[in-house]
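Peer 1: The structure is given below, and queries will be raised subsequently.
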Amino acid sequence: MQNEMLQFKKNFEERLAAAQKEKVRIVIKEQYADAFDVLEDCENAHLIPGIIGPPGVGKTLILRAYAEKTNRDLYWVTGDEGVRPSHLTGAFNPSIVLNKGFSLEAFEPGPLLKSMVFGGVFGLNEGNRLSEYVQNSLLDPFEEGSISVQRLGRIKASEGFFPVLTMNPEEMSGAHRLSEALRDRIRVWIRLGYPRKETELEIIKMNSPEYTLSDAVLEKIYGLVSATRVSTDIEIPASIRAGISIARLSAEMTKRQKEKTISHATLSSAATYVLVGALRFRPGIDAEPAVNSLVRRSLGS
Ligand SMILES: Nc1ncnc2c1ncn2[C@@H]1O[C@H](COP(=O)(O)OP(=O)(O)O)[C@@H](O)[C@H]1O
Ligand SMILES: [Mg+2]
């Protein structure tokens, strides 16, 4: 047991260092280059931006790249009804409070407070899913750059604090609406959509550096994922991630079969493994046969 703890500690330190060394891999062109510039303009103009786009289009990645470029950390929270203000701000650790009282030493800061104190980029994912009460607790930090920490006092955020909202376009209306008050604090709306074909293929290649993917295979993968984005039977189409997964899985399957090039059968099989879970069909449509016919239609049989 003792030994295991020591080993864990050593490996944990190594993993911390590994995370530090990791660089963001991102294709910065077209909409991504524009988004990056507007983020910078917003920050300089003291305006809070929202990045709006479907899942997996690169919203979090661009924030990560922006934070890295400006030498800051990215802190983030994903909204749901279970999130309380203390998840954002932090809370006292009761066992330390016993000895130290309600002092700073006993306080464990949350991501919002950390980004305000350290001057980091704060990504609020799906902030519209937060309860209205929690959304309202963000008004002060977002508008005034200040926050009250219970029993410790009110602080003013450091210069580098930069909050950014990210959300799904479908949720701009409907059950999970952003509260009027919070929406009013978001001053600039940056839209990200699916990238152009060449750009999406470049993204797939960047995320598959250990594999060789022919142009023909990349074309087919793009044909498949883009078909899901125009189908009226599909509510949630293939994201960029799905294309990356199909590329990587089919290349790995080909390696295992000791074949040189990705065959039609292998590509169909990999695509099916990925897409059965990656897509959401309209109610009443059975995913498996729908995916099979989609793959057959797009790749040919
Ligand atoms: N511009 C890009 N350059 C490189 N990879 C990208 C790019 N956009 C998306 N990706 C890939 O897609 C994945 C999903 O992006 P992510 O930022 O998590 O999406 P979102 O936050 O919009 O759901 C990333 O992890 C990355 O692999
Ligand atoms: Mg995200």
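Peer 1: Based on the Kirkwood radius over alpha-carbon pairs, what value in µm²/s does the Stokes-Einstein equation return for the translational diffusion coefficient of the chain at 25 °C and 0.890 mPa s?
Peer 2: For the chosen part, D equals 112 µm²/s.
Peer 1: In addition: Mind grabbing the base-10 log of I(q)/I(0) for the range 133-190 at q = 0.16, 0.17, 0.29 Å⁻¹? Debye formula, identical points on the C-alpha positions, no solvent, two decimal places.
Peer 2: One equal scatterer on each Cα of the range 133-190 leads to -0.59, -0.65, -1.32.
Peer 1: Return the loop-located chymotrypsin sites (Phe, Trp or Tyr not before Pro) in the range 89-192 (DSSP other than H, G, I, E, B) with at most 13 other Cβ atoms within 10 Å of their own Cβ; answer none if there are none.
Peer 2: Of the chymotrypsin sites (Phe, Trp or Tyr not before Pro), the ones in loops of the range 89-192 whose Cβ has at most 13 other Cβ atoms within 10 Å are PHE102.
Peer 1: Please work out the C-alpha center-to-center distance from the range 42-115 to the range 196-274 and express it in whole Å.
Peer 2: After rounding, the separation between the Cα centres reads 34 Å.
Peer 1: Shifting gears a bit: Only helical DSSP H runs with n ≥ 4 go in: add -39500 (n - 2.57) per run for the chain, normalise by residue count and round the 222 nm mean residue ellipticity to 500 deg cm²/dmol.
Peer 2: Here the helix-only value at 222 nm equals -15500 deg cm²/dmol.
Peer 1: Based solely on C-alpha atoms, express the radius of gyration and the Dmax of the range 150-301 in angstrom.
Peer 2: Gyration radius and largest Cα-Cα distance of the range 150-301: 20.5, 67 Å.
Peer 1: Can you give the charge dipole size of the range 197-299 about its Cα centre, rounded to the nearest 20 debye, using +1 on the beta carbon of Lys and Arg and -1 on the beta carbon of Asp and Glu?
Peer 2: About 180 debye.
Peer 1: In the chain, with Lys and Arg counted as +1 and Asp and Glu as -1 at Cβ, which of these residues, GLN150, SER298, ALA33, has the Cα nearest the positive end of the dipole, that is, farthest along it?
Peer 2: SER298
Peer 1: Of GLN20, ASN136, ILE262, which is farthest on the positive side of the dipole of the chain, counting Cα position, with +1 on Lys and Arg Cβ, -1 on Asp and Glu Cβ, and the Cα centre as origin?
Peer 2: Value: ILE262.
Peer 1: For the chain, give the magnitude of the charge dipole about the Cα centre (Cβ charges: +1 Lys/Arg, -1 Asp/Glu; no others), in debye to the nearest 20.
Peer 2: The dipole magnitude comes to about 740 debye.
No value in this document is a laboratory result; all are computed from the given coordinates. If you're wondering where the values come from, they're calculated on a predicted model, not measured in any experiment. No Cβ is skipped: glycine too gets one built from the backbone with ideal geometry, and neighbour counts run over all protein chains shown.
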